[in-house]
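What follows is a short report on a single structure.
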Amino acid sequence: MVLTNIELEERKAGKDLYSYQKEAIDKIFKRFEEAKEDYHLLYQLPTGGGKTVIFSEMVRQYLKHHQKKVLVLTHRIELCKQTSKMLTEFGVESKVIDSKANLDDQQKYSCYVAMVETLNNRLNDNKLDISDIGLVIIDEAHNNSFTKIFKFFSKSFFLGVTATPLSSNIQLPMTDNYEELIVGETIESLIKNNFLARAKTYSYNVGLTSLVVGANGDYTVKSSDDLYTSGNMLNKLVEAYEERSKNKKTLIFNNGISTSINVYHTFKIAGYPVMHLDNTASKSEREHILKWFKETPNAILTSVSILTTGFDEPTVDTIILNRATRSLTLYYQMIGRGSRISKGKTSFTVIDLGNNFHRFGMWGASLNWQKIFKSPNYYLDNLINDEDLESNFRYEMPDEVRKQFGKSEEVFFNVKAAYVDVIQKGLSSKEVLKRSIEQQAKICIENSEDVYDALALSQLLDDDITYRIQQYIRCICKSTHNFIEWLNTDYRQKLRSYLLTNFDEDFEKIHGYPPED
């Protein structure tokens, strides 16, 4: 279909759009005009770039120049309502098809907005007339729940929109359902032009080898709960918050409800304003919690999955990834919740407690979306596994802990180098742990006046000890759960025993005088 010059001018007469949004619409319509009627096109644009604005204007223009109807699909009821509201702002009245919708008046509408599951049920029951649907728009198209309805629309043009053209199901790549990808503006470009805020990322190394990968390709909730509900990880979370985001509006993402509830209680006990939200909350509870979060300047909201899409709160200052994920899409969705600009906000903080930054790279870094779209398996197969990733970590003491060891010039102990030296000399690998214990005892004694000070300081080395044990385990290639647990307990007992037995003698060697009685 070729548009006249008058029609082209009319196309630009809708709600004000940014130049990159107008360019995207022109590209998409050009493909629509050139391609066959059942063409499947995918459009990528970062979270916060205005995908809903773009396809809402497309709906307006399409209905103005065609005698067919439009269907917009989402995977959550909240997105249905948000989309319908946006369409209304563009002058398009839509029929929301949810489980309670009365379809007796469906002929009055030229645009439908529906949840995929509800629509699938209505189509299977033949309760919705789709004979004149010319354009189907799929929001969050990486979610594979949409593919079940494709069979009903053999003569419709499909437009999928997503921030990350990588399928949520590794077994169902997007290339199976879409013939072409149009890549929109980059995150870096949107930041430079003041459309998005810049992320300042702080990554805290975490041992993830206990996590289990499930059938969907991501870490299971149970294994994540086991790790992130431990006292060590909850303490690490609070310490990271206090170091990087204290008294700032913070959104925490977790992988399990149990973890989120534990996070809630931990922050509550610490005296911080915090609430918990998951998908079991009622509509009124959700509205109350989100209203509180919006209106409370230093609010902390700990959540599970529910806020990764369709949630826009520009006042969020900090995103905490209190989970690990192998999903690039989820990684971008979570961080994207903090990228909205607001008055006085040009940047936001990201605290990563799942090694996600090391796995995927910087949020907003240049990615070849075309290659990822065409060869998803190549991309996924080349993700660094946790064992290789963690083998390159070097433990760094948090600033507050390092201050307690201020009299020591060096606090790091290279387990790998010690292991190589021990093996080359024909000694037992246990010599590595012996040297490590002696080095940690030394820095405790260097910064103490008596044995009780030294024992107290040794308690601050818990993360460092865990790191050293992990490095040692990799060196000796032995990693049963019981063995690791025993090794951690045994190491701590030997460190305490060493301090109690050798404190006086070592103190005098280090300081040149005996400790006071």
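A compact table of results
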| item | result |
| --- | --- |
| Under-5 Å amide H pairs with I138, H placed in peptide plane, nonlocal only | L73, L159, G160, V161 |
| Computed helical MRE - 222 nm, the chain, DSSP H runs ≥ 4 contributing -39500 (n - 2.57), nearest 500 | -13500 deg cm²/dmol |
| Estimated distance in nm for a label pair at S189 and N121, the labels positioned 7 Å out from Cα along Cα-to-Cβ | 4.2 |
| Order of V420, V304, V59, V451 under a 10 Å beta carbon neighbour criterion, fewest first | V420, V451, V304, V59 |
| Value of relative contact order over the chain, rounded to a whole percent, pairs C-alpha under 8 Å and six or more apart | 13 |
| Residues M86, M334, sorted so that the one with the fewest Cβ neighbours within 10 Å comes first | M86, M334 |
| For the chain, size of Cβ-based charge dipole, Lys and Arg +1, Asp and Glu -1, in debye | 1500 |
| Separation of the T280 and Q171 label points, Cα + 7 Å toward Cβ, nm | 2.8 |
| Violating pairs (Cα-Cα greater than 25 angstrom) within the set K200/K236; K85/K374; K64/K343; K69/K148; K51/K192; K283/K343 | K85/K374; K64/K343; K283/K343 |
| Under 19 Å from K248, Cα to Cα: aspartates and glutamates that are on another chain or at least 8 residues apart | E239, E295, D312, E313, D317, D352 |
| Shape category assigned to region 70-134 from the gyration tensor of Cα positions, a/c cut at 1.5 | oblate |
| Partner lysines for K509 [C-alpha distance under 26 Å; skip if fewer than 8 residues away on the same chain] | K403, K407, K430, K434, K442, K494 |
| Low-density loop positions, GluC sites (Glu not before Pro), region 26-73 - DSSP coil, at most 14 other Cβ in 10 Å | E37 |
| Cα gyration tensor shape for region 5-185, rounded if a/c is under 1.5, else prolate or oblate | rounded |
| Fully extended contour minus Cα-Cα distance, from H265 to S154, at 0.36 nm per residue | 34.8 nm |
| Taking V401, V116, V316 and counting other C-beta atoms within 10 Å, the order from fewest to most | V401, V116, V316 |
| Distance-filtered residues of region 325-356 - backbone nitrogen under 12 Å, label point 7 angstrom along R198 Cα→Cβ | 346-348 |
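Taken together, the values in this text are just the output of simple stated rules run on the coordinates, not laboratory data. In this text the structure is predicted, and so the values were computed from the model without any measurement. Positions of Cβ are backbone-derived with ideal geometry, glycine not excepted, and every protein chain shown enters the neighbour counts.
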